[in-house]
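> Sharing a structure here in structure tokens format.
The values are calculated or read from the model by the stated rules, or taken from the named source; none is laboratory data. The model shown is predicted, which means the values in this text are computed figures rather than measured ones. Counting neighbours? That spans all protein chains shown, and the Cβs are built from the backbone with ideal geometry, glycine included. Heads up: the accessible areas ignore ligands, DNA and RNA and are worked out on the full protein's heavy atoms, side chains in. Shrake-Rupley method; radii C 1.70, N 1.55, O 1.52, S 1.80 Å.
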Amino acid sequence: MKTVDKAFRVLGQFSVEKQEIGLSELARMAQLDKAATRRLLVALGEHGFVEQNEDTRKYRLGHGFLRFARIREATVPLQAAAAEVANWLCAEVGETVHVSVPGAEGMTPLAYRLPSRGHVVNMRATEMLYYHATASGMVFLAHATPSTQKRILSNPRGQVTPHTQTDLSAIQKRMAEIRQQGYAATVGTFEEGVSSLAMPFGSGAGDPRGAISIALVSNDFTTSRRVALIPKLKEAVARLERATQGQPPESAALAEEY
């Protein structure tokens, strides 16, 4: 295995959940011997890509990545990446797609794309997608931190359509279901005759960065259609997360040792 491959294997073990890792544990996680792991860490440390906590002697990612992160964000900022993913997903499913981010009262469209055909859902860039009335809003709420949920749910909830759910306990029950299944689906809760399917992106220790949604005419939103759309939506989320933050490999949880 090439040295650069080994180095990336070591770096790939760090995550939001595993921000600092001891030498012995890191060697086991990367499936390398301890001496080789230490040599890699020394080399990476010389260039600022890892650093050692003086108190715990554990290793963490260093400042060297910040410059590259800034370059990447300048090259492919979130809005540009969102537009690219929206275009791809719209072409794949032939329906209206939008990527939205959280605001004070609801989700705000960051990018959207309509297919080149008739009989599709239209939307406006300035549209406010209320949290309790939309799939994107509900999927964000379901995956948000408890403090964010409490703040949003304390706001007044208007009856947008006859199908809009405003009861707090019913909304909380629905949030639990959405969190378990990983996506939100709504039928006519924001606009009569319009259904939506949404998944969050950028979920981690904090709030999601936003949501990706597919909007279609309710008559077309059959069970089979929903089943067909979910994998495409999931792939769109993965594409956006790779473009904006990367996806480090999952690592087995091991006992602390250094």
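> If the cut-off is a Cα-Cα distance under 16 Å, which aspartates and glutamates reach Lys234, setting aside same-chain residues fewer than 8 apart in sequence?
Filter leaves Glu84, Glu92, Glu95.
> Now for a different question. Could you run the Debye sum over the Cα atoms of segment 1-102, one equal point scatterer each and no solvent, and tell me log10 of I(q)/I(0) at q = 0.16, 0.21 Å⁻¹, two decimals?
Rounded to two decimals, the profile gives -0.77, -1.00.
> Please report, in whole Å³, the volume per residue of the convex hull around the C-alpha atoms of the chain.
Taking only Cα atoms, the chain has a hull volume of 160 Å³ per residue.
> Further question on the same structure: Taking θ = phi - 60°, what integer Hz values does the Karplus form 6.51 cos²θ - 1.76 cosθ + 1.60 yield along segment 58-65, in sequence order, with x for Gly and Pro?
My calculation for segment 58-65 gives 7, 9, 8, 5, x, 6, x, 6 Hz in order.
> Give me the 1.4 Å probe accessible area per residue for the chain, excluding ligands and nucleic acids, in Å².
Each residue of the chain exposes 54 Å² on average to a 1.4 Å probe.
> Which percent of the accessible heavy-atom area of segment 109-258 goes to carbon and sulfur, probe 1.4 angstrom?
Carbon-and-sulfur percentage of accessible area, whole number: 51.
> Got a sec to turn the phi values of segment 176-181 into Karplus ³J(HN,Hα) couplings, 6.51 cos²θ - 1.76 cosθ + 1.60 with θ = phi - 60°, whole Hz, x for Gly and Pro?
Calculated HN-Hα couplings, in order: 5, 5, 5, 4, 6, 8 Hz.
> Among 30-39, 182-191, how do they line up by average Cβ neighbours within 10 Å per residue, starting with the highest?
182-191, 30-39
> Still on this structure: Residue by residue through segment 4-17, which ³J(HN,Hα) values in whole Hz follow from phi under the Karplus form 6.51 cos²θ - 1.76 cosθ + 1.60 (θ = phi - 60°), with glycine and proline marked x?
Each residue's phi maps through the Karplus curve to give 5, 5, 5, 4, 6, 5, 5, 4, x, 7, 7, 7, 4, 6 Hz.
> In segment 200-229, whose amide N lies under 16 Å from the spot 7 Å out along Cα-to-Cβ of Phe65? List them in ranges.
Residues 202-206 qualify, since their backbone N sits under 16 Å from the label point.
> What is the gain in length, in nm to one decimal, between Thr145 and Leu114 on full extension, counting 0.36 nm per residue of separation less the C-alpha to C-alpha distance?
8.0 nm
> How large is the Kirkwood hydrodynamic radius of segment 1-53, counting all unique pairs of alpha carbons, in Å?
Across segment 1-53, the inverse of the average 1/r is 11.0 Å.
> Can you give me the Rg/Rh ratio for segment 66-169, using Cα atoms for both radii and the Kirkwood formula for Rh?
1.04
> Can you work out the FRET efficiency for the pair His47 and Glu92, with r the C-beta to C-beta distance and R0 = 41 Å, to the nearest 0.05?
Taking R0 as 41 Å, the efficiency between His47 and Glu92 is 0.55.
> Taking a point 7 angstrom from the Cα of Ala170 along the C-beta vector, which residues in segment 134-154 have backbone N less than 14 Å away?
Inside the label zone: 134.
> Please pull out the direction-averaged projected area of segment 140-182, using the convex hull of its alpha-carbon atoms, in nm² to one decimal place.
Average projection, Cα convex hull of segment 140-182: 3.2 nm².
> Under a cut-off of 29 Å between alpha-carbon atoms, report the lysines in cross-link reach of Lys58, not counting same-chain residues fewer than 8 places apart.
Straight-distance partners of Lys58: Lys2, Lys6, Lys18, Lys34.
> Just from its helices, what would the mean residue ellipticity at 222 nm be for the chain, if runs of 4 or more DSSP H residues each count -39500 (n - 2.57) and the sum is divided by every residue, rounded to the nearest 500 deg cm²/dmol?
Mean residue ellipticity, 222 nm, calculated: -13500 deg cm²/dmol.
> Over every pair of different alpha-carbon atoms in segment 119-258, take the mean of 1/r and invert it; report that Kirkwood radius in Å.
Result for segment 119-258 stands at 16.2 Å.
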